[in-house]
Amino acid sequence: QCDQRRCFHTLVRLASAEDSVNIKNPMIDKDANPNVPAFQPFVAGIPKSWDELENIPAQGLVQCTYNCAVDRQNLKVRRRLASLVGGWTHLPDTAFDFWSCLDDVPQEVLKVVMFMIRQWGSTDAAFAALNTQPDNMLNLKEFVDGLTKAGCCKARRPKKIGVPGLQSAIAKPMMRSDVPDDETDAAQVEVISSVFRYLDTSHDGDISAREFETLERVWRELQQSMFELKRDLEVYYGSLQNAFEAIDLDESGAISFEEFKKCVEATHFDGPVQEIFMFIDLNGDAEIDGPEFFELETYSHSPPL
C-alpha cells in the first residue's frame with residue numbers, strides 16, 4: 001500500500017507542477033472490496049491536502065488517467081521525480097526521447113503516420129511540407145489542405161496479386177491514391193481533422209512543433225516493433241522468404257491478416273500485429289503479397305533507443 005500511495009502522490013505532485021486538470025476522471029472506492037467495487041467520482045476534485053503523502057488514506061482504491069498537453073510537460077519536474085521516487089540516476093537535463101504505446105493510438109492517427117513516412121520519409125519532413133506559414137505552427141487549414149492534396153486517407157483501387165518475391169523485388173510505396181486531386185470527399189476531411197484534434201493537446205487551434213512530435217513517437221514504436229518482428233521471423237523460419245512461403249500455404253501469392261497473425265503467433269512475438277500489417281499492406285486491400293511482405297526488410301532497422 002505504501003508504494004501505491006507513493007505512486008499516486010507522485011502523480012498529484014506532477015499535476016501540481018504541470019496542470020491540475022491533467023488528472024482525468026478520478027474515482028475512489030473507499031472500501032476497496034474486490035467482490036463489490038463501488039467507485040465514486042471526486043465531486044470536489046482531488047483534495048488539496050493530498051499534496052502531502054501522509055494525508056493520502058491508507059485504505060481504498062483510486063483510479064484515474066493522466067493526460068498532459070505536450071507544450072505543458074515540465075521535463076525538469078519529471079526528471080526530479082524520476083530521480084527521487086524512481087531511483088533513476090544520470091538522466092539528461094532536457095533531452096528525452098518519448099515513445100508511444102500503439103494500443104492507445106487511434107487507427108486514424110496510425111494511418112496518417114504511415115502515409116507521412118511513405119510520402120515524405122520522416123515526420124520532420126512532413127511538418128516542413130505542411131507548414132506553409134513561417135510560424136512553426138500548423139493550423140487546421142494547413143494540416144487538412146496539405147494532407148488532402150497529397151492524397152492522404154483517400155480510397156485506393158485494389159491491386160493485382162503478385163508473385164512472392166525476394167528482397168530485391170520490394171515494391172515501391174504508393175504515395176498517392178488513384179482518386180483525382182479535385183475529388184476531396186467529406187470522410188477524408190473528417191479523418192484528417194480528427195487527427196488534428198488528437199495532436200492539438202493544448203486545444204488552442206494550432207499544432208506546435210512539439211505537439212507534432214507525437215507522430216514521431218508513434219513511428220519510433222512502430223519501427224521498433226517491425227524490427228523485432230523481422231528478427232523473430234528470421235529466427236523461427238530461417239529467413240523472410242521462408243516465412244512468406246510458410247504462411248502462403250495455398251500459393252496464391254497473397255496472405256490475409258488471419259494468415260499473417262497465425263504465422264506471427266508461432267514466433268511468440270507480442271507486439272502490435274495489426275498495426276504492422278496495416279503498414280506493409282501498401283495499397284490497403286487487406287492482403288499482403290510478396291513485395292509488400294518484404295517491406296519489413298526496408299523499414300525494420302531499429303531506431304536509436
Inset, instruction - Could you tell me what percent of the accessible area of segment 225-305 is made up of carbon and sulfur, with a 1.4 Å probe and every protein chain present? - result: 49 percent
Inset, instruction - State which entries of Lys76/Lys141; Lys76/Lys230; Lys141/Lys230; Lys111/Lys261 exceed 29 angstrom in Cα-Cα distance in the structure shown. - result: Lys76/Lys141; Lys76/Lys230; Lys141/Lys230
Inset, instruction - Grab the eigenvalues of the alpha-carbon gyration tensor for segment 8-119, scale each by 5, take roots, and send me the semi-axes largest first in whole angstrom. - result: 30, 22, 13
Inset, instruction - Hey, can you find the accessible area per residue of segment 1-140 for me, probe 1.4 Å, expressed in square angstrom? - result: 63 Å²
Inset, instruction - Could you check how much of the accessible area of segment 1-123 is carbon and sulfur, as a whole percent, using a 1.4 Å probe? - result: 50 percent
Inset, instruction - Using +1 at the Cβ of each Lys and Arg and -1 at the Cβ of each Asp and Glu in segment 1-157, identify which of Gln63, Ala32, Gly146 lies farthest towards the dipole's positive end. - result: Gly146
Inset, instruction - Quantify how much of the Cα-Cα distance distribution of segment 181-227 extends past 17 Å, in percent. - result: 50 percent
Legend entry - Distance cut-off 20 Å, percentage of C-alpha pairs in segment 63-154 lying past it: 55 percent
Inset, instruction - Beta carbons within 10 angstrom, averaged per residue: use that to sort the peptides 234-244, 215-225, 114-124, highest first. - result: 215-225, 114-124, 234-244
Legend entry - Rg in Å to one decimal, and Dmax rounded to a whole Å, for segment 200-305 via C-alpha atoms: 16.0, 53
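The values are calculated or read from the model by the stated rules, or taken from the named source; none is laboratory data. From a predicted model like this one, the values you see are computed outputs, not experimental measurements. Cβ coordinates were reconstructed from backbone atoms using ideal geometry, including for glycine residues, and neighbour counts include every protein chain displayed. Calculation scope for accessible area: heavy atoms of the full protein, side chains included, ligands and nucleic acids excluded. Shrake-Rupley method; radii C 1.70, N 1.55, O 1.52, S 1.80 Å.
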